[in-house]
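Read the figures in this text as sums done on the coordinates, not as results from a lab. Everything numeric here is computed off the predicted structure, so don't read it as measured data. In this analysis, Cβ positions are derived from the backbone assuming ideal geometry, glycine residues included, and neighbour counts consider all displayed protein chains.
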Amino acid sequence: MMSEEGSGNMLIKPLKRVEEGNGESGENGHIRKKLKSVEPTGNERKHPKRKVVLLLAYSGKGYYGMQRNAGSSQFKTIEDELVTALIKSGCIPDNHGDDMKKMSFQRCARTDKGVSAAGQVVSLKLWMIEDVMEKINSNLPPQIRVLGLKRVTGGFNSKNSCDARTYSYMLPTVAFSPKDYYTNNSAAFRLEPETLQRVNQLFGSYKGTHNFHNFTSQKAARDPSARRYITEMSCGEPFVRGGAEFAEITVRGQSFMMHQIRKMIGLVIAVVKGYSGDEVLKRSWGEEKVDVPKAPGLGLVLEKVHFDRYNKRFGGDGLHECLEWTEEEQAILAFKEEHIYPSIVETECKEGSMASWMATLPIHDFEATATGAQDKDREQDDEEGNRSDSAL
């Protein structure tokens, strides 16, 4: 018995030395290495990693949209700027910049070339450093700003958790002038109340669920994903900026396909100007191909994204915040006044994109079935928050 105890004591000592890290091989040596591999380093040791959402506002002028284009550094996007700022601020690891999936990154809407946003939301995991928003903004250009940050549940996905999106479209009211109006004097045009009422009657026709296969490209008439649900669409009262009269169209829907909003607006403009009758709207929701014109991309702004279901489930649980941005409203408005509205007005007054586009309306045949017009319309220039699943 004494011999066995002595032998046992001798066995204990080398096992203990191995566990303490003398480098010997064996089962406990493997355990030691495994424990070392999960030891936090750098910012992980100093700061907790949390799942958050960032409220973004940006002017899209000069950028090739929101989403990064892997391997296309010459086409700078909003996400390129954001990811660079996150790395420089110490919010994410350097080696995660090329693969943001490691940070569970997801954007709510995929705005494309030239499109601005006042209420874009992205979700991701961040190291919660001190003064995190201020440090991120210090590494961003002035036309891109993080205006809000909130904690969310670990499984939150900004795209899949979004119930609806609201866009605005700012345009010169000369777009609703008669087709024989002399557009070289567009700054002098003023919209009559009767015309505005007719515009809103036509926009009101879009409310509800319709088949919008004619309002995008590469969608078959019987594709279920072409059915989209619109809850609101109207044009506000005109206002004067830069000597010209403008108006703002607001549209809210569960989701939008590529070019859908611009084509919805383009078709109403064509009807108001007298290129087609009102019946073309209902015909465009049918199975036949209809040649629907696409309004210019300038003026399209992602205003807000909505998370009603998430807020109902988690907003009052005492642990998470509602994804509403009431406290940030003044900052959002100030950003729009400084960066978004001036860019739209100055570009329109200087380049006349709406007048140039209106000159192309006579080439559209609104009475005949379109022959390949939709298939030719594939350029990726201004895409409205695209979701692959169908609307309710």
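One table, with the values for the structure above:
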quantity	calculated
Given K49/K263; K113/K312; K101/K294; K101/K219; K135/K263, the pairs whose alpha carbons are separated by over 32 Å	K49/K263; K113/K312; K101/K294; K135/K263
Rg/Rh for the stretch 131-253, where both radii come from Cα atoms and Rh is the Kirkwood radius	1.09
Sorted peptide list for 291-297, 145-151, 188-194, criterion being average Cβ within 10 angstrom, highest first	291-297, 145-151, 188-194
Diffusion constant of the stretch 279-328 at 10 °C, which comes from Stokes-Einstein with the Kirkwood Cα-pair radius and 1.306 mPa s, µm²/s	104 µm²/s
In sequence order, calculated HN-Hα J values of the stretch 232-237 (Karplus, 6.51, -1.76, 1.60; Hz; x Gly/Pro)	7, 7, 7, 10, x, 5
Overall Cα dimensions of the stretch 157-226, principal axis frame, Å, largest first	46, 28, 22
Extension gain from E134 to R151, taking 0.36 nm per residue of separation minus the Cα-Cα distance	4.4 nm
Hydrodynamic radius by Kirkwood, which averages 1/r over all alpha carbon pairs of the stretch 193-338, in angstrom	17.4 Å
5 Å-binned pair-distance histogram of the stretch 70-204 (Cα, whole percent)	2, 7, 14, 16, 15, 10, 7, 7, 8, 7, 5, 1, 0
